[in-house]
Amino acid sequence: MGHDRPYHYTPVCDVEGCDEPAVYKVAADWTDGTQRELKNYGVYCSHHAHEELEEARRRQPMVRLGPGELVGPVQLYELIEGRRDAELIPVG
Ligand SMILES: [Zn+2]
């Protein structure tokens, strides 16, 4: 998956038909008790990020978790080149 690799490319918004560069990631803190990472809900341009954040928050209660898994609130993270997921700071 490579979700924890440094970010060195320009992703495109995940909304179908939108080809704006993605500047935000919608994600939630996830842990299974031993490791912690971001559960990625998608990356979006500045126009779509907020509505997709709301949508991900509505969908989150349906996500099934395994034993010992915990997921934090869905938040908006600014994508910063060269920064790993674990170093991203929520902005909304
Ligand atoms: Zn978009």
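Readers should treat all values here as calculations from the given coordinates under stated rules, not as data from a laboratory. Since we're looking at a predicted model, the values are computed, not measured. Methodologically, a virtual Cβ is constructed for each residue, glycine included, from the backbone with ideal geometry; neighbour enumeration extends over all protein chains shown.
Annotation: of all residues in the range 76-92 being charged (D, E, K, R) and over 13 Å from the mean Cα position of the chain (by Cα), the one that is farthest from residue 40 (Cα to Cα) is 81. Here residue 73 meets each of (1) within 16 Å of the ligand (Cβ to nearest atom); (2) on the phi < 0 side of the Ramachandran plot; (3) part of a strand (DSSP E or B) with one exception, condition (1). For residue 50, the criteria (1) in contact with a Phe, Trp or Tyr (Cβ under 6 Å, 6 or more places away or on another chain); (2) in contact (Cβ under 8 Å) with a residue 40 or more places away in the chain; (3) not small (Gly, Ala, Ser) hold in every case but one, which is (1). Here residue 83 fulfils each of the conditions (1) surrounded by 11 or more Cβ atoms within 10 Å (Cβ to Cβ); (2) not in a loop (DSSP other than H, G, I, E, B) apart from (2).
Has the range 5-23 got any residue that is on the phi < 0 side of the Ramachandran plot, touching a Phe, Trp or Tyr at 6+ places or on another chain (Cβ under 8 Å) and not in a loop (DSSP other than H, G, I, E, B)? No, that holds for no residue. Considering only residues of the range 27-56 that are within 12 Å of the ligand (Cβ to nearest atom) and in a strand (DSSP E or B), which is surrounded by the fewest Cβ atoms within 10 Å (Cβ to Cβ)? Once the filter is applied, the top-ranked residue is 42. Taken over the range 57-76, the criterion of being surrounded by 17 or more Cβ atoms within 10 Å (Cβ to Cβ), touching a Phe, Trp or Tyr at 6+ places or on another chain (Cβ under 8 Å) and over 21 Å from residue 19 (Cβ atoms) is satisfied by 74 alone.
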